[in-house]
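The values are calculated or read from the model by the stated rules, or taken from the named source; none is laboratory data. As the structure is a computational prediction, the values presented were derived from the model and not from experiment. Positions of Cβ are backbone-derived with ideal geometry, glycine not excepted, and every protein chain shown enters the neighbour counts. The area values use the complete protein model at the heavy-atom level, side chains included, leaving out ligands, DNA and RNA. Shrake-Rupley method; radii C 1.70, N 1.55, O 1.52, S 1.80 Å.
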Amino acid sequence: EAKRRGKGIWVTYTDEMGARISAEAVLIREMGQALDEDQFVLHYQPIVRLCDGAISGVEALIRWNHPERGLVSPLEFIPVAERTGQIVDIGRWALREACRQAAAWLAAAPHRVPIYVGVNVAGRQLRDPDLVTDVATALAVTGLPAALLVIEVTETAVLDDEQSHATMEALRDLGVRLALDDFGTAASSLGLLLTCPVNSLKLDRSFVESINTVSRQAAVATAVSQMAAALEFASVAEGIETAEQAELLRGLGYQYGQGYLYSRPVPPDGISVLRSVADLESGVLLETGR
Ligand code: C2E
Ligand code: MG
Ligand code: MG
Ligand code: MG
């Protein structure tokens, strides 16, 4: 009886494992074709100046427009692509496409304050010695000024890694800016902030989520914004969903915010529309003196 149950469990376990492995094998194979078949798209989420709601930049977020499954989330395929190394080619495409789009926005509205584009770079890409050349080429080919590109890296990706630090220094030498993404989530040392050549910190969404109800979250958020200010980094709060969160974070010293309150990530056309609306609204705010 016990033996039969044990055997049953064993069978279920291997079936599930098998299914998972083959699903991943399919994903890996299809990802390989997706690049050739132009199935990746970038959506863009505005990054807003908290004092007046103006859009100062956007973050490029990749989606896979799968022929059968529709838009697939990066959370599903980026970690796999990191493991297989496919992220290097996919990331090179994303970088080029984001620069092309940002250069197009710039060309379409030369009289306006330009918006920058943030591009996520995985640890694997940061350890790729060709990354600096890829970035330089993307800028040269698209004509995007280096100052309008922000490379987003995570703490985990840069921690204790000589190659990553050297790559970041070289990116800075190109005139590109760097942001430390998902700040506060990794088991990193604060000493990282002294050696890592970043320009901004992005406070992770997990702190923002419960900021009005959990005072410990607010305490950490405060410490991060004060540290950013003292080190002359810009501070961005991610995942702002309510006006209360925005108001609180602004009060805690955050200069920029990003989240569903302002907009979900949208296809490129949506950004032009959002920019006009934001301009109008910040104009109204200035007029009424609020
Ligand atoms: P991330 O860089 O931290 O991007 C922010 C994520 O939070 C995005 O998820 C965005 O849609 C989501 N988000 C923004 N505002 C809110 C909000 O108010 N509430 C909630 N619940 N979520 C919000 P997304 O697009 O699914 O991307 C997930 C992650 O995938 C990114 O996290 C990034 O690490 C990775 N990723 C996305 N695009 C790329 C890429 O081109 N290259 C690489 N290497 N990684 C990418
Ligand atoms: Mg990011
Ligand atoms: Mg983030
Ligand atoms: Mg995140």
TODO: Starting from the amide H of V266, placed 1.01 Å from N in the peptide plane, find each other amide H under 5 Å away whose residue is 5 or more places distant or on another chain.
DONE: Y44, Q45
Task: Among E247, E59, E30, residue whose mean-square fluctuation peaks in a GNM of the chain (springs only between Cα atoms under 10 Å) - done: E30
Task: J(HN,Hα) series, the stretch 113-123, from Karplus relation 6.51 cos²θ - 1.76 cosθ + 1.60, nearest Hz, glycine and proline x - done: 5, x, 9, 8, 10, x, 10, 6, 10, 6, x
TODO: Could you work out which residue, out of L194, L131, L95, moves most in a Gaussian network model of the chain, that is, has the largest mean-square fluctuation with Cα springs under 10 Å?
DONE: L194
Open item on the list: Run lengths n ≥ 4 of DSSP H only: what is the helix-derived mean residue ellipticity at 222 nm for the chain, with -39500 (n - 2.57) per run over all residues, to the nearest 500?
Closed with: -17000 deg cm²/dmol
Open item on the list: Quick check: at a probe of 1.4 Å, how many percent of the accessible area of the chain sits on carbon and sulfur atoms?
Closed with: 55 percent
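Using a 1.4 Å probe and counting only protein heavy atoms, arrange Y260, Y44 so the residue with the most accessible area comes first.
Sorted by accessible area, descending: Y260, Y44.
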Task: Cβ-Cβ FRET estimate between A108 and Q39, R0 fixed at 25 Å, reported to 0.05 - done: 0.45
Task: Sites V26 and W93 - FRET efficiency at Förster radius 22 Å, r taken between beta-carbons, to 0.05 - done: 0.60
TODO: Report relative contact order for the stretch 41-138 in percent, whole number only (criteria: Cα-Cα under 8 Å, sequence separation at least 6).
DONE: 28 percent
Task: Euclidean distance of C-alpha centroids, the stretch 152-192 and the stretch 8-84, integer Å - done: 23 Å
- [ ] Between N212 and R264, take the C-beta separation as r, use R0 = 22 Å, and let me know the FRET efficiency to the nearest 0.05.
- [x] 0.55
- [ ] Could you bin all the Cα-Cα distances of the stretch 137-203 into 10 Å bins starting at 0 and give me the percent of pairs in each, rounded to whole numbers?
- [x] 21, 51, 23, 5
- [ ] Please report the Cα spread of the stretch 22-70 along all three principal axes, rounded to whole Å, starting with the longest.
- [x] 49, 20, 16
TODO: Starting from the exponent 0.38 and prefactor 2.2 Å, build the expected Rg for the chain from its residue count and divide its actual Cα Rg by it.
DONE: 1.11
- [ ] Choose one answer from I28, I151, I55: the residue with the largest mean-square fluctuation in a GNM of the chain with alpha-carbon springs under 10 Å.
- [x] I28
- [ ] Mind giving me the nanometre distance, one decimal, between the label points for T222 and S272, set 7 Å out from Cα along Cα→Cβ?
- [x] 4.5 nm
Open item on the list: As a test, work out the antiparallel percent of DSSP beta bridges whose residues both lie in the stretch 38-193, rounded to the nearest 5.
Closed with: 50 percent
Open item on the list: With both bridge residues required to lie in the chain, what share of the DSSP beta bridges run antiparallel, to the nearest 5%?
Closed with: 40 percent
Task: Full-extension gain in nm, T185 to A147, via 0.36 nm per residue minus C-alpha separation - done: 10.9 nm
Open item on the list: In the chain, if the dipole is taken from +1 on Lys/Arg beta carbons and -1 on Asp/Glu beta carbons about the Cα centre, which of T213, Y262, V41 is farthest to the positive end?
Closed with: T213
Open item on the list: Nothing charged except the Cβ atoms of Lys and Arg (+1) and of Asp and Glu (-1): what's the magnitude of the dipole of the chain about its Cα centre? Round to the nearest 20 debye.
Closed with: 400 debye
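Could you calculate the contour length gain from R49 to L71, that is, 0.36 nm times the residue separation minus the distance between their Cα atoms, to one decimal place in nm?
Values: separation 22, 0.36 × 22 = 7.92 nm, distance 2.93 nm.
Net length gain for the segment: 5.0 nm.
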TODO: May I ask you to give the solvent-accessible area per residue for the chain, in square angstrom, as obtained with a 1.4 angstrom probe?
DONE: 52 Å²
